[in-house]
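Encoded as structure tokens, the structure appears first; notes follow it.
Readers should treat all values here as calculations from the given coordinates under stated rules, not as data from a laboratory. Just so it is clear, the structure is predicted and the values come from calculations on it, not from any experiment. FYI the Cβ positions are ideal-geometry reconstructions off the backbone, even for glycines, and counts take in every protein chain you see.
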């Protein structure tokens with residue numbers, strides 16, 4: 001009974017998340033999809049490739065999205081990972097304040113934060129630059145990444161680095177051989193969340209990027225507003241692929257590293 | 001030839017955890033550090049394992065700064081993503097031991113601890129007792145000069161605990177190990193170690209053999225911590241102890257004052273064989289079999305006392321009790 005509930009629960013979650021993706025795909029490759037038809041009446045299996053060839057803005061948008069997204073992932077991890085380790089490892093009186101600061105970008109309305117940052121960034125000559133956009137997006141991604149990493153590291157509740165060091169490992173070895181493999185799931189979660197949030201950003205990219213970075217999310221918006229659903233769906237499919245390919249690659253590399261540590265290097 | 005701790009102090013956030021510890025760890029022996037929770041045992045062990053630096057003092061081996069000992073943790077701390085064999089090999093890998101030698105040493109150690117068949121399993125797939133053996137193997141494979149055990153058997157059941165105690169003793173003898181073993185279980189310390197150091201409130205109060213500890217605790221703090229004894233308050237006058245329960249000669253410890261306490265271990269009283277230290281007459285209130293002897297609650301005038309005796313007495317029976325030897329007075 002319990003198994004049935006969990007299976008149906010999983011099915012429901014799958015439908016909630018999978019159905020929009022299926023609809024987008026059907027919209028992209030289907031033709032003549034009108035009421036009362038449940039499915040499109042004709043199919044154009046090459047529709048996305050044709051759209052790619054015809055629309056000159058798609059490839060630059062993919063490049064802009066990927067460049068900003070991966071930049072944000074890099075900067076976020078650079079800050080979030082050591083911070084998560086410190087939050088788990090060290091007990092400090094400032095922990096409460098740090099937690100509030102970390103989650104502040106989620107508490108303060110995004111528009112207020114972006115507008116005030118825009119003024120500061122103009123003074124710093126960061127508006128309209130790649131770095132400026134990445135920094136702002138990082139601010140919004142940090143809470144998710146830190147939360148995921150902290151939760152993952154806290155599962156173990158044990159200072160494995162100390163164990164490794166007692167067995168003769170250097171600080172670097174204990175991080176590389178122990179902490180990194182232990183945080184594998186947290187890292188995958190943090191990178192996934194960061195890339196999704198970063199690539200979905202619309203307002204911040206537009207405001208701080210000063211229109212210089214026309215990402216997939218920015219290009220998609222006028223298509224939807226203008227009723228060009230098929231074109232928007234093609235963008236949607238490309239968006240999903242752009243998101244899933246680097247994520248899949250990252251997960252594969254990290255899992256391979258842990259497997260190698262477990263079976264080959266030792 | 002031994003390991004020496006000289007004037008070791010440890011302070012954390014204005015709290016003195018270890019207070020000028022002087023301790024000698026004899027080589028190729030087991031030394032137990034026995035103390036209540038929060039007495040600083042683990043802190044001391046972390047210093048010996050090089051995980052913490054003391055705020056003062058030195059740790060020497062044969063007059064030179066000692067290399068850190070290898071720790072076996074209370075909760076084993078096996079790396080969850082490595083197999084048993086890889087866990088055991090970890091330290092050797094960190095020491096850049098060649099692959100062939102590494103494999104050979106790991107195989108030998110797994111065989112020595114009877115866990116060869118677990119080599120390819122992960123820690124989550126083996127029992128607590130097996131994890132304990134793996135943790136021991138992981139430390140022993142490094143042939144440590146000093147092996148540190150941090151309450152390693154506290155989460156095991158009684159039978160397994162005894163089995164592990166015997167295993168560690170056997171390994172200590174065959175591998176000529178120097179072992180420091182931390183515990184708050186008196187029985188464990190007594191069964192395992194040749195020497196026991198009592199650590200209370202960050203200070204070493206006494207170092208002695210288990211027998212010496214029970215027979216002559218150095219002071220009242222040690223005696224009270226070791227427990228299994230009655231403490232009778234009275235007065236010390238003219239080389240005699242005076243109380244409602246017992247008035248007579250007693251062996252005075254150096255710190256004895258006029259308001260004194262008589263130390264009467266549960267097992268330090270006799271009924272059958274009279275001695276020159278006649279104690280008191282008491283009535284048996286209750287009797288309990290503890291697996292080896294009878295444990296009695298006695299009523300002696302207004303006082304309640306606890307006694308361990310090999311022979312059975314019926315509740316309500318009144319009998320005379322003698323001290324086995326001259327009692328200690330603090």
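Under the 0.36 nm per residue contour assumption, what length would be gained going from the current alpha-carbon distance of residue A:258 and residue A:196 to full extension? Write out the running numbers ahead of the final one.
Numbers: separation 62, 0.36 × 62 = 22.32 nm, distance 2.45 nm.
Contour length minus Cα-Cα distance gives 19.9 nm.
Whole angstrom only: what separates the Cα centroid of the stretch A:104-165 from the Cα centroid of the stretch B:166-205?
Their Cα centres are 50 Å away from one another.
Express in nm, to one decimal, how much length is gained between residue B:176 and residue B:276 on full extension, taking 0.36 nm for each residue of separation and deducting their alpha carbon distance.
Fully extending the segment from residue B:176 to residue B:276 adds 31.5 nm.
How far is helix A:58-89 tilted off the main Cα axis of chain A, in degrees rounded to 10, range 0 to 90?
20 degrees
Any number yet on Rg/Rh for chain B, C-alpha, Kirkwood?
1.06
If one takes the longest principal axis of the Cα atoms in chain B, at what angle in degrees, from 0 to 90 and to the nearest 10, does the Cα axis of helix B:84-94 lie?
In chain B, helix B:84-94 runs at an angle near 70 degrees to the longest axis.
How far apart, in nm, are the 7 Å Cα→Cβ label points at residue B:108 and residue A:125?
6.7 nm
Please compute the Cα-Cα pair-distance distribution of the stretch B:228-329 with 5 Å bins starting at 0, giving whole percents from short to long.
3, 13, 25, 25, 18, 10, 5, 2, 0
Can you tell me the 0 to 90 degree angle between the C-alpha axis of helix A:229-260 and the longest principal axis of chain A, rounded to 10?
Orientation of helix A:229-260: about 20 degrees from the principal axis.
Antiparallel versus total DSSP beta bridges in the protein assembly as shown: what percent is that, nearest 5? Write down the numbers at each step before the final one.
Working: 56 of 74 bridges.
Taking every DSSP beta bridge with both residues in the protein assembly as shown, the antiparallel ones total about 75 percent.
What number, in percent, do you get for the relative contact order of chain A if the mean sequence gap of Cα pairs under 8 Å and at least 6 apart is divided by its residue count?
27 percent
Report the residue, chosen from B:81, B:181, B:73, that carries the largest GNM mean-square fluctuation when chain B is represented by alpha-carbon nodes joined by springs under 10 Å.
Its mean-square fluctuation being the largest, the pick is B:81.
Taking 0.36 nm per residue of separation and subtracting the Cα-Cα distance, what length does fully extending residue B:289 through residue B:37 add?
Result for the pair: 87.8 nm of gain on full extension.
What is the mean projected area of the alpha carbon convex hull for the protein assembly as shown, to one decimal in square nanometres?
Details: hull surface 166.8 nm².
The Cα convex hull of the protein assembly as shown, projected and averaged over all directions, gives 41.7 nm².
Using a 10 angstrom cutoff on alpha carbons, build the Gaussian network for chain B and name the most mobile of B:316, B:282, B:35.
B:316
When all C-alpha to C-alpha distances in the stretch B:150-208 are sorted into bins of 10 Å, what percent of pairs does each bin hold, rounded to whole numbers?
Pairs per bin, as whole percents: 20, 53, 24, 2.
Given a cut-off of under 8 Å on Cα pairs at least six residues apart, what relative contact order in percent is computed for chain B?
Values: 668 pairs, mean separation 54.7, N = 330.
Relative CO of chain B lands at 17 percent.
R0 = 56 Å: FRET efficiency of residue A:173 with residue A:221, Cβ-based, nearest 0.05?
Details: r = 48 Å, r/R0 = 0.86.
In this case the efficiency is close to 0.70.
For the stretch B:45-203, what relative contact order do you get, as a whole percent, if you take Cα pairs closer than 8 Å and at least 6 residues apart?
26 percent
Grab every C-alpha pair in chain A, bin the distances at 10 angstrom width from 0 up to the longest one, and report whole percents.
All Cα pairs considered, the percentages come to 6, 22, 28, 24, 14, 4, 1, 0.
Specify the residue with the greatest mean-square fluctuation among A:30, A:168, A:209, computed from a Gaussian network of chain A linking alpha-carbon atoms under 10 Å apart.
Most flexible of the set in this elastic network: A:168.
Indicate, rounded to the nearest 5 percent, the antiparallel portion of the DSSP beta bridges found entirely in chain B.
75 percent
Roughly speaking, what is the centre-to-centre gap between the stretch B:300-330 and the stretch B:253-293 when only Cα atoms are used, to the nearest Å?
Comparing the Cα centres of the stretch B:300-330 and the stretch B:253-293, I get a distance of 5 Å.
Taking R0 as 60 Å, what's the FRET efficiency between residue A:97 and residue A:6 from their Cβ-Cβ distance, rounded to 0.05?
0.90
Kindly state, to the nearest 0.05, the FRET efficiency for residue B:20 paired with residue B:255, given R0 = 25 Å and r defined as their beta-carbon distance.
0.80
Starting from the 7 Å offset along Cα-to-Cβ, what nm value, one decimal, do you get for the label separation of residue A:156 and residue B:242?
Rounded to a tenth, the inter-label distance reads 6.7 nm.
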